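See below for the structure under consideration.
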Amino acid sequence: MSFNIQITSAEELRAHIRLMEQRNRVLESDIKEGFEDLGESMKPSNLLHDTFDRAKTSPSFRSNLFKAAVSIGLGLYLKRKFVPGRSGSILKNAAGAALKIGIANLVGRKFGLGAKIFGRAFSKSGASA
């Protein structure tokens with residue numbers, strides 16, 4: 001937009017004012033459309049949809065999701081296989097907890113994931129082990 005305009009007559013001034021008003025209406029319309037688009041894109045359903053679309057196309061996300069699912073599934077399977085339930089013995093409870101941590105660390109190292117994730121998956125209360 002140039003501000004060095006030479007206006008020499010009243011008619012040129014009116015024409016320039018009309019042009020500036022038209023530009024102003026176009027800019028206002030563009031801003032309103034931008035806000036409407038922003039409001040639409042910020043709806044929770046659209047945010048989730050966009051996130052899942054990005055996740056579907058990201059190979060690293062799919063790889064990490066697969067590794068996490070395999071690790072958690074294998075860890076839970078091994079925990080259930082070797083630690084059938086709670087017993088009254090403090091020694092057995094301690095051995096079971098140590099086994100859970102060991103399995104979590106082993107599986108986590110094997111698939112390159114942190115053991116903290118598995119500690120949460122193994123605990124019944126949801127807190128980290």
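Regarding residue 48, is this residue assigned to a helix (DSSP H, G or I) and either at pLDDT 75 or above or surrounded by 14 or more Cβ atoms within 10 Å (Cβ to Cβ) (or both)? Criteria met by residue 48.
Each residue in region 7-38 was checked for being among the small types (Gly, Ala, Ser) and exposed (fewer than 10 other Cβ atoms within 10 Å of the Cβ), and 2 of them qualify. Take residue 65 and decide whether it is more than 30 Å from residue 95 (Cβ to Cβ), among the hydrophobic types (A, V, I, L, M, F, W, C), out of contact with any Gly (no Cβ under 6 Å at 6 or more places or on another chain) and in a helix (DSSP H, G or I). Spelling it out, residue 65 is indeed more than 30 Å from residue 95 (Cβ to Cβ), among the hydrophobic types (A, V, I, L, M, F, W, C), out of contact with any Gly (no Cβ under 6 Å at 6 or more places or on another chain) and in a helix (DSSP H, G or I).
The values are calculated or read from the model by the stated rules, or taken from the named source; none is laboratory data. Everything quoted here is computed from the prediction, not taken from an experiment. Don't worry about glycine lacking a Cβ; one is built from the backbone with ideal geometry, like all the others, and counts go over all protein chains shown.
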